[in-house]
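Working notes, structure below.
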Amino acid sequence: MTVEVLFVTHASCGLGSAMPGGRVHDLDLSADGLRHADRLGEMLAQRKLAAVYCSPLRPARLTAGPIAKAAKAPLRLDDDLQAIDFGVRTGEPMAPFLAGGDPGFDLVTGGGPQGEGLADVGRRALRFMAHAEAAHAGRSVAAVTHVELVRAAVCLVLGMGLAAHDRLAIEPGGVTEVLFGDWGARLAGLNQTPTP
């Protein structure tokens with residue numbers, strides 16, 4: 001059997017390059033991000049979702065709420081959808097790390113001290129998809145998460161090396177569709193957004 005997983009990156013917090021990295025719990029969505037979350041709900045309500053799963057971090061929960069409400073689907077927190085763990089670097093702006101400006105930080109192979117790398121994040125994405133397929137075979141689910149988890153999932157589905165993650169344009173509030181089953185996985189849509 002197959003499950004359709006709609007990976008949704010949380011809507012914008014409006015911080016741009018100042019966005020802190022890792023598992024920062026107290027971020028709010030910007031006013032534009034809140035409106036975008038509502039539009040995501042309208043867009044995904046047509047998909048007849050069996051469930052809406054989301055990362056326990058606040059931006060993901062604020063994005064998932066309108067989706068679950070519009071779809072009339074249960075909302076469930078799932079730790080596998082967490083943001084990447086930046087370890088001791090949690091809360092520092094992400095831009096310098098992602099630009100390769102810190103020789104002690106390698107996002108692909110291991111992140112920062114006491115953190116995780118994209119391989120760990122990819123394993124969580126695969127574990128989530130396997131769980132979703134077991135629980136919702138033949139149905140669709142939304143998985144509201146964070147940009148790097150979606151990038152890792154897409155790299156794995158397409159058989160690309162994780163080092164190619166930064167070549168994928170995954171934006172806040174984008175929907176990436178993956179079909180997953182015991183036969184494997186297929187990318188069916190990348191970074192789709194609702195019309196304004």
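Observations, loosely collected:
- Test: residue in the range 57-67 that is surrounded by fewer than 17 Cβ atoms within 10 Å (Cβ to Cβ) and either at pLDDT below 85 or assigned to a loop (DSSP other than H, G, I, E, B) (or both): no
- Considering residues of the range 68-91 that are assigned to a helix (DSSP H, G or I) and surrounded by fewer than 18 Cβ atoms within 10 Å (Cβ to Cβ) only, the residue farthest from the chain's Cα centre (by Cα): 88
- Counting only residues that are in contact with a helix residue (DSSP H, G or I) (Cβ under 6 Å, 6 or more places away or on another chain), under 25 Å from residue 33 (Cβ atoms), surrounded by fewer than 21 Cβ atoms within 10 Å (Cβ to Cβ) and not hydroxyl-bearing (Ser, Thr, Tyr), the range 125-176 holds 2 of them.
Residues checked against (1) in contact with a Gly (Cβ under 7 Å, 6 or more places away or on another chain); (2) assigned to a strand (DSSP E or B); (3) modelled with pLDDT of 80 or more; (4) more than 21 Å from residue 41 (Cα to Cα):
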| residue | (1), (2), (3), (4) |
| --- | --- |
| 102 | no, no, no, yes |
| 124 | no, no, yes, yes |
| 151 | no, no, yes, yes |
| 178 | no, yes, yes, no |
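- Being under 23 Å from residue 117 (Cα atoms) and at pLDDT below 95 is a property that residue 85 has.
- Matching residues, the range 1-28, being farther than 17 Å from residue 170 by Cβ and modelled with pLDDT under 95: 1, 14, 18, 20, 22, 23, 24, 25, 26, 27, 28
- Scope the range 131-148; condition modelled with pLDDT under 95 and either touching a strand residue (DSSP E or B) at 6+ places or on another chain (Cβ under 8 Å) or of a type in the set (Val, Ile, Thr) (or both); matching residues: 146, 147
The values are calculated or read from the model by the stated rules, or taken from the named source; none is laboratory data. From a predicted model like this one, the values you see are computed outputs, not experimental measurements. Cβ atoms come from the backbone with ideal geometry, glycine included; neighbour counts cover every protein chain shown.
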